[in-house]
Amino acid sequence: MKTVNHWIGGKAAEGASGVYGPVTDPATGEQTTRVAFASVEEVDAAVAAAKDAYATWSTSSLATRTAVLFRYRALLDARREELARLITAEHGKVHSDALGEVARGLEIVELACGITTQLKGELSTQVSGGVDVAAIRQPLGVVAGITPFNFPAMVPMWMFPLAIACGNTFVLKPSEKDPSPALLLAELAAEAGLPAGVLNVVHGDKVAVDRLLTHPDVAAVSFVGSTPVARHIHAVATSHGKRVQALGGAKNHMLVLPDADLDAAADAAVSAAYGSAGERCMAVSAVVAVGATGDELVRKIADRAAKIKIGPGDDPASEMGPLITRAHRDKVASYVEGAAAQGARVVMDGTGFTVEGYEQGHWIGLSLLDEVATHMDAYRDEIFGPVLCVLRADSYEEGLDIINSSPWGNGTAIFTRDGGAARRFQLEVHAGMVGVNVPIPVPVGYHSFGGWKDSLFGDLHIYGNDGVAFYTRGKVVTTRWPDPAESAVDLGFPSHR
């Protein structure tokens with residue numbers, strides 16, 4: 001059986017703890033791989049390697065760093081098919097989704113390649129007689145990233161390329177459910193010429209995470225995952241003096257006004273709710289239909305959803321794959337099974353779905369719940385699966401209040417033909433990312449990604465300008481030089497007096 005080991009100091013490091021976790025093929029339910037879980041000592045070794053590398057990497061020229069990153073970008077582009085196959089094998093998402101994930105990660109590598117412009121400082125001359133003031137940004141030191149199972153390549157690439165471009169060194173703790181893509185990312189970085197120790201990967205569970213959160217040589221922690229874990233990571237790491245950006249969960253709403261193009265809205269709802277099997281923090285999981293649009297919109301969504309082909313991720317005909325684990329599949333199903341008892345109308349029930357020949361896979365079909373109320377479990381919790389809730393509102397104001405009353409504020413969208421209504425919504429809604437006739441408003445790489453309320457713990461969003469600010473710290477230098485005409489050595493300068 002294949003074993004996924006750590007990557008420490010520029011080379012593979014066999015697990016020494018004796019503890020391993022299973023990695024399954026979600027389409028078959030069979031264990032295909034085991035992943036080594038790091039002990040405290042192994043995490044310490046990774047941090048020590050990063051600390052040693054920081055001494056020289058932090059003082060390397062921007063030209064040196066970007067040369068490595070340009071080579072890295074080329075390698076990732078050339079090997080994107082291989083990376084996508086690893087994602088499909090361990091996560092289960094269809095190949096096209098996996099390729100899309102790699103492409104979005106590459107955007108941040110490309111941003112990191114242009115770090116020379118991002119790190120330009122500021123200079124004010126003659127703020128006083130003979131006095132200049134300069135503002136510069138410097139790296140933090142060793143930084144860590146803890147990433148989720150749903151995007152095993154993209155989210156790590158949202159973190160470490162920008163961090164190392166800024167002069168930091170990095171320790172990555174990817175999800176233990178699909179660890180192989182992270183290891184390939186590290187191997188390709190070494191092939192691109194990244195010095196040993198600049199990027200390290202340790203696998204594991206709470207033991208590894210807690211050590212990174214408390215290690216005295218880790219200066220900052222980036223995290224993407226569920227809200228309870230994000231809250232815990234922020235609390236523990238900040239109590240140990242670390243800078244933290246912890247992105248949590250979401251319940252993303254799509255507000256559909258009576259003037260909207262309902263065909264476009266239905267297309268958007270289906271792709272945003274069921275794409276990647278709903279296992280993404282930017283999935284639309286709640287549609288708020290305003291006025292008389294609800295019945296027709298629900299019919300259109302159901303008609304489209306019924307045509308989606310579900311099957312193994314490596315089958316080109318598949319449009320949606322299985323869920324990551326059996327336990328997660330059962331948890332998602334429980335929300336659908338309990339929805340009717342709480343008063344929802346179950347339009348589509350995917351809990352009995354299976355795929356012939358793959359009966360042991362982690363399968364679930366598409367579920368659509370109508371007439372959902374805000375007190376119901378299917379609405380209150382982040383389901384993280386292919387379940388779409390439809391709520392009804394009599395007016396724009398009622399719909400907006402539903403959205404703003406949610407404890408989450410990650411992403412949201414409005415569908416309307418009215419520019420004035422869209423403008424009001426983008427200013428009045430309490431969310432960090434807003435789409436106007438765009439269901440999943442994930443920003444491009446040179447803007448920053450992040451939510452509000454319980455979707456983000458910390459002050460700065462991920463990647464973009466906020467990412468550069470997070471991985472650097474500012475320094476202001478005030479300088480006064482004596483008049484060269486007054487030097488003890490005659491340099492030939494005329495006196496200004």
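For His91, which of the numbered conditions (1) of a type outside the set (Ser, Thr, Tyr); (2) out of contact with any Cys (no Cβ under 9 Å at 6 or more places or on another chain); (3) open to solvent by 50 Å² or more (accessible area, probe 1.4 Å) fails to hold?
Looking at each condition in turn, His91 falls short on (3).
Can you name every residue in region 145-202 that is open to solvent by 10 Å² or more (accessible area, probe 1.4 Å) and touching a Ser or Thr at 6+ places or on another chain (Cβ under 6 Å)?
Hits for region 145-202 are Pro148, Phe149.
Among the numbered criteria (1) without any contact (Cβ under 8 Å) to a residue 40 or more places away in the chain; (2) touching a helix residue (DSSP H, G or I) at 6+ places or on another chain (Cβ under 8 Å); (3) open to solvent by less than 50 Å² (accessible area, probe 1.4 Å), which one does Ala16 miss?
Unmet condition: (3).
Can you name every residue in region 58-77 that is open to solvent by less than 60 Å² (accessible area, probe 1.4 Å) and over 22 Å from Leu106 (Cα atoms)?
Of everything in region 58-77, those that are open to solvent by less than 60 Å² (accessible area, probe 1.4 Å) and over 22 Å from Leu106 (Cα atoms) turn out to be Ser58, Ser60, Ser61.
Does at least one position in region 100-121 carry a residue that is within 19 Å of Met320 (Cα to Cα), assigned to a loop (DSSP other than H, G, I, E, B), of a type in the set (Val, Ile, Thr) and at pLDDT 95 or above?
no
Does Asp210 satisfy the criteria of being assigned to a helix (DSSP H, G or I) and either open to solvent by 10 Å² or more (accessible area, probe 1.4 Å) or at pLDDT below 95 (or both)?
Answer is yes for this residue.
Among (1) under 25 Å from Gly411 (Cβ atoms); (2) in a helix (DSSP H, G or I); (3) modelled with pLDDT of 95 or more; (4) not aliphatic (A, V, I, L, M), which single condition is Thr293 missing?
So the condition that Thr293 fails would be (3).
Checking the condition farther than 21 Å from His430 by Cα, assigned to a loop (DSSP other than H, G, I, E, B) and open to solvent by 50 Å² or more (accessible area, probe 1.4 Å), which residue from Gly365, Gly361, Gly352 passes?
Every option except Gly352 fails the conditions.
For region 253-280, what are the residues that are in a loop (DSSP other than H, G, I, E, B) and in contact with a Ser or Thr (Cβ under 8 Å, 6 or more places away or on another chain)?
Scanning region 253-280 gives Leu257, Pro258, Asp259, Ala260.
The values are calculated or read from the model by the stated rules, or taken from the named source; none is laboratory data. All values reported here derive from a predicted model rather than from experimental measurement. As a convention, Cβ positions derive from the backbone with ideal geometry for all residues, glycine included, and neighbour counts pool all protein chains shown. All accessible areas refer to the heavy atoms of the entire protein, side chains included, with ligands and DNA or RNA removed. Shrake-Rupley method; radii C 1.70, N 1.55, O 1.52, S 1.80 Å.
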